[in-house]
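These notes concern the structure reproduced below.
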Amino acid sequence: MPSVPDLNNPIRVVFASGTADLNREMLARFQSQLPGVTLVVVSEFEPAFGEWIPWHVHRPFDQNLALVKAALAGRQIVAATVAYDQRSALRDLQRAARTLAPGVLTAFDEDMRTAAPAELRGFLIRRAGRRITRQLLPGGRVHAWLRRIVHPSEAEIPIRARLAQARGLAAARTREPVVPQSLDLAVNPEGVTVVIPSRDGLELLREMLPPLLPQIGQGEVIVVDNGSSDGTADWLAREYPAVRCLRHPEPLSFARAVNKGIHESRYRRLLLLNNDMIVQPGFIDALNAAFEKVPDLFCATAQIFFPEGVRREETGKAVWRQERELDFPVRCDVPLPGEGLTWVLYGSGGCSLFDTAKLRMIGGVAELYDPAYVEDMDFGLRAWKRGWPSVYCDRAMVEHRHRSTTSRFYSERQIDFFVERNYLRFVANVISEPGLFERLWLAGIRRLQLQAMGGRGAALDTLRAVPQINPAPPASTGHLSEDEILALTNGDVAVFGGKSFLERPVVLIASPYLPFPLSHGGAVRIFNLMKLAAEAYDLILVAFVDELATPPEELTAICTQVVLVRRHGTHYRRNTVRPDVVEEFDSSTFRAVLKQAIHQWRPEIVQLEFTWMAQYAEICHPAKTILVEHDITFDLQQQLLAAAQSTGVERLELEQQLAKWRTFETAAWAQVDCVVAMSEKDAATVTGASEVQCVANGVDCERFQPGDIEPEPRRLLLIGSFAHLPNLLALEFFLRDAWPRLGPGYTLHIIGGARHEYYLDYFRDRVTLDLMQPGIEVEGFVSDVRPAYRRASIVLAPLTASAGTNIKVLEAMAMGKVVVSTQAGVNGLTVTPGRDFLLAESFADPIAAITVDENVRKLIERNARLTALRYDWRAIDRQQRALYDRLADA
């Protein structure tokens, strides 16, 4: 039954459906009305004040409406206001306002004009009329097209753009990719052929040849004299007779010139080098080394620098990236310190080393890109589509003197035109997937239209010369689709090498975060078991990060390779059958990285850390898959739901998420080869799995040892990342149940982990904590918690909801500390109350008792240490190695 509104609990509601500025102004005005009545704000983003009810723009109207109704259940809306703004598209929120607050709804428009409830109908009719009128006035679309009829020259840009887009749509529907011919790769002799195209570049060659020639060793240098009139050929014959000079009397395009050199090359690898590139020591060796580390490598490209004082326009890390609609789809990112062998879309045609046979098999450099530009994007993607990657090499360094041959013969507008036209040629001739081709073609034409309307001449020139579309481009025959190739090379990936590859069994670990620093229990487990596993296996770590940065040495020291994938957080919650956290970690880039890493390293095992990473299990074959259930997630959700006090929107959300978790998690168990649980209790929960193993959490008993000094009397310690809601609920329980009863003289030391203040605010609707009380000390992330343990006389684990096992309890026991815990706090651990720890549902009495009884405290401290020794990580590692060996041999 619907709840009856409580007239003693009146509220006023703001439906913030306008722009940010309009919402702020509307909220400020509405705040002053009925000041004694609770203010509620329904909005996409959290307001500066008032009770917030989120409106999820990617969820359907009925679902959002149900959540808002649940939050407002039993409350009487006595006044409401809603924004109508043509610049905002939140029409569903406006509809919700009319549904929930009929008769009391005031409307605001973008000009801050208001309409009282009785005037709302006329207000909406007038707005509809004004929308029609605006279309007929300057700036309106109807007015623009009418003007173009009178002034045809103004219609050229949109008409050409529409015609080009129509051609693209028609081509997408009839596109029939063809499988490229498969040829045997020729095996050339070991060595490097260097091909240098040069047009009137004698002075450049004088600078670039001396540092290059000593590095070649077994190989040759070919200079393609491309219609030079500066005596290049005679000078080479005189000064460098060993350099082969291919003379051509007339200037050729870049592609034709380079292809002459490719045709003449005799060695296994081929270095394309522009004549304004000055190589640094070790350049060729560094590029060659990449071919020894990356199987099936097509291209290794160098790190590009510019002379001091010149802006670095190229870097070597070429990525498929477009932040804004007007941006060119490709850019160069500045590499991170230590980054190397990161996959890139292509290697620069001016300083990259290629597999000669592979380059010849794809037809060399495509000659349709006349006179220059975009050729390297073409051969890079063509190779990727065959399964041949290109990588960036940080240790191969070149200085680009940037005295472009092209700019001496063409104007800036002509060069811009070549780039834009050749990009369209690239889309038309290389992109074979119909859906992707349609998106890129339409976006490319739209970008040119906007730029042409803004006065960019080269954009208009391109619209006037839109190239033909290839109806049968080469299909992708490699392990990645074109969409996946672009996702892999979009700038959200950074690769870091650690130990050299030793040809031991390979284990790939996929984690939702970096397992170092050790900021929470999950990181502690992953890192410690990785460190020990590295003694017998080569480890590849693929992990999400919020921002790309050089990973800690602690990880690169134990991993063959660390691959970071930037995760773009969002406040949006989508309407899917999967839990919100699963959606948050759904990444096409991460999926492409996993497929590429698995193809490159051929791991025996892929280990997926945490439930939500199970969404990637299906792409991990033929590797055996392990899902590590740090806790049974739906079990934890069930406990949180049982503990929830609210009956409104919070409970409704918890119920929906629990149902989704139960479906997703139980299905995940059947998709992997083995589920690893933290306790026998959790293992017994798992159903439908091929294999279930209990590989418990552990502790580094060598690192965590009892100290020699006495702890500080009455000093309590509670460690738990505030990012994990059960830890905040535990702290709330302790502060409510025990802290007021302990009396003066006690100190409570809280370590809340990284960004603890942010998570306090994030969960404030679920947990309210007063941490400013006397005797309470709060810290965020602490890299070494052992001094905190040593000072404490008692360690607290007041968890009310828990799954998995608590690593912090094991650390405290290993340090020889008395732990006072609920049953949930020691969930899954084989420990005896009264001997190894103190079990309590109300904490004040056992804390007070142990504080005054030193003998009992010391006895429990000794027993705790002895019990913790059974959980040493080396014992846990033996279980994990046995599991790895069995799965790898299966």
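Limiting things to C-alpha atoms, what are the Rg and the maximum Cα-Cα separation (Dmax) for the range 256-302, in angstroms?
For the range 256-302, the Cα radius of gyration and maximum Cα-Cα distance read 11.9, 31 Å.
Can you tell me the alpha carbon radius of gyration of the range 1-135 divided by the globular rule-of-thumb value 2.2 N^0.38 Å?
Compared with the compact-globule rule of thumb, the range 1-135 sits at 1.02.
Treating only the Cβ atoms of Lys and Arg (+1) and Asp and Glu (-1) as charged, compute the dipole magnitude of the chain about its Cα centre; round to the nearest 20 debye.
Dipole magnitude for the chain comes out near 2400 debye.
Under 12 Å from the Cβ of residue 213, count the other residues' Cβ atoms, weight Lys and Arg +1, Asp and Glu -1, and hand me the total.
Net of charged neighbours comes to -2.
Using amide H atoms built in the peptide plane, which far-off residues or other-chain residues are under 5 Å from residue 247 H to H?
Those lying under 5 Å, H to H, from residue 247 are 225.
Residue by residue through the range 369-386, what is 3J(HN,Hα) from phi via Karplus (6.51 cos²θ - 1.76 cosθ + 1.60, θ = phi - 60°)? Round to whole Hz and write x for glycine and proline.
Per residue, the Karplus-derived 3J(HN,Hα) values read 8, 9, x, 6, 5, 6, 4, 5, 4, 4, 6, x, 6, 4, 5, 3, 5, 8 Hz.
Rounded to whole Hz and in sequence order, give me ³J(HN,Hα) for the range 190-203 from the Karplus expression 6.51 cos²θ - 1.76 cosθ + 1.60, θ = phi - 60°, writing x for Gly and Pro.
4, x, 10, 9, 9, 10, 10, x, 8, 10, 6, x, 4, 5
5 Å is the cut-off here: which amide hydrogens, built 1.01 Å from N in the peptide plane, fall below it relative to residue 349, excluding neighbours closer than 5 in sequence?
376
Tell me, how many Å apart are the Cα centres for the range 544-609 and for the range 506-530?
Between the Cα centre of the range 544-609 and that of the range 506-530, the gap is 12 Å.
When the Debye formula is applied to the Cα atoms of the range 454-552, each taken as the same point scatterer, what base-10 log of I(q)/I(0) results at q = 0.11, 0.13, 0.14 Å⁻¹?
-0.59, -0.70, -0.75
Sorted by mean Cβ packing within 10 Å, highest first, what order do the peptides 239-247, 51-59 take?
Highest to lowest by the protection proxy: 51-59, 239-247.
Carbon and sulfur: what percent of the chain's accessible surface (1.4 Å probe)?
52 percent
Could you give the size of the charge dipole of the range 326-398 about its Cα centre, using +1 on the Cβ of each K and R and -1 on the Cβ of each D and E, expressed in debye and rounded to the nearest 20?
The calculated dipole for the range 326-398 is roughly 320 debye.
What aspartates and glutamates sit close enough to residue 293 to cross-link, taking a C-alpha to C-alpha distance under 20 Å and skipping anything fewer than 8 places away on the same chain?
190, 285, 339, 355, 394, 503, 538, 604
With no solvent and one point per C-alpha, what does the Debye sum give as log10 I(q)/I(0) for the chain at q = 0.06, 0.07, 0.09, 0.10 Å⁻¹?
-0.56, -0.75, -1.10, -1.21
Which of the pairs 317/660; 69/681; 317/808; 660/681 have their Cα atoms more than 32 Å apart in this structure?
Beyond 32 Å: 317/660; 69/681; 317/808.
Order 858, 293, 808 by their accessible area, 1.4 angstrom probe, all chains in place, largest first.
Of 858, 293, 808, the descending order of accessible area is 293, 858, 808.
Which Cα, out of 58, 45, 73, lies furthest along the positive dipole direction of the range 36-90 (beta carbon charges, K/R +1, D/E -1)?
73
Based on the mean of other Cβ atoms within 10 Å per residue, sort peptides 793-801, 739-747, 415-423 so the most packed one is first.
793-801, 415-423, 739-747
Would you be so kind as to identify which of 97, 693, 760 lies farthest towards the positive end of the dipole of the chain, taking Lys and Arg as +1 and Asp and Glu as -1 on Cβ and the Cα centre as origin?
Farthest towards the positive end: 97.
Kindly write out, for the range 780-797 in residue order, the coupling ³J(HN,Hα) from the Karplus curve 6.51 cos²θ - 1.76 cosθ + 1.60 (θ = phi - 60°), rounded to whole Hz, with x marking Gly and Pro.
x, 6, 10, 5, 10, 8, 4, x, 5, 4, 4, 6, 7, 8, 9, 10, 9, 9
Please give the Cα centre distance for the range 671-738 versus the range 205-258, rounded to the nearest Å.
Cα centroid to Cα centroid, the span is 67 Å.
Mind listing the long-range amide H neighbours of residue 749? Cut-off is under 5 Å, sequence gap 5 or more, other chains count too, H placed in the peptide plane at 1.01 Å from N.
Residues meeting the amide H criterion: 716, 717, 718, 777.
At a 10 angstrom cut-off on C-beta neighbours, averaged per residue, how do the peptides 42-49, 614-621 rank from highest to lowest?
The densest-packed peptide leads the list: 614-621, 42-49.
Under 16 Å between alpha carbons, and skipping anything fewer than 8 positions from residue 595 in its own chain: which lysines qualify?
In chain and number order, the partners are 385, 624.
Charges on Cβ only, +1 for Lys and Arg, -1 for Asp and Glu, centred on the Cα centroid of the chain; of 189, 652, 515, which one is farthest towards the dipole's positive end?
In the chain, that residue is 652.
Any idea what log10 I(q)/I(0) is at q = 0.10, 0.11, 0.12, 0.14 Å⁻¹ for the range 572-714, Debye with uniform C-alpha scatterers and no solvent?
Log-scaled intensity ratios, in q order: -0.46, -0.54, -0.62, -0.78.
Sorted from largest to smallest, which semi-axis lengths in Å does the alpha carbon gyration tensor of the range 194-297 give for its equivalent ellipsoid, taking the root of 5 times each eigenvalue?
That gives 24, 16, 11 Å for the three semi-axes.
Thinking of the range 648-737 as a set of Cα atoms, what percent of all their pairs are more than 21 Å apart?
Cα-Cα pairs of the range 648-737 separated by over 21 Å account for 62 percent.
Can you give the accessible area per residue of the chain, in Å², using a 1.4 Å probe?
43 Å²
What is the dipole size for the range 772-840, taken about its Cα centre, with +1 at each Lys and Arg Cβ and -1 at each Asp and Glu Cβ, in debye to the nearest 20?
160 debye
Which value results when the Cα radius of gyration for the range 684-755 is divided by 2.2 N^0.38 Å?
Against the empirical 2.2 N^0.38 Å value, I get 1.61 for the range 684-755.
How charged is the neighbourhood of residue 108? Take every other residue with its Cβ under 11 Å from the Cβ of residue 108, and add Lys/Arg as +1 and Asp/Glu as -1.
Charge balance near residue 108 sits at -3.
Using the Cβ atoms and a cut-off under 11 Å, what net charge is assigned to the surroundings of residue 567, where Lys and Arg are +1 and Asp and Glu are -1?
-4
The values are calculated or read from the model by the stated rules, or taken from the named source; none is laboratory data. All figures in this text were calculated on a predicted structure; none of them were measured in a lab. Neighbour counts run over all protein chains shown; Cβ positions are idealised from the backbone, glycine included. Surface accessibility is based on the protein's heavy atoms, side chains included, excluding ligands, DNA and RNA. Shrake-Rupley method; radii C 1.70, N 1.55, O 1.52, S 1.80 Å.
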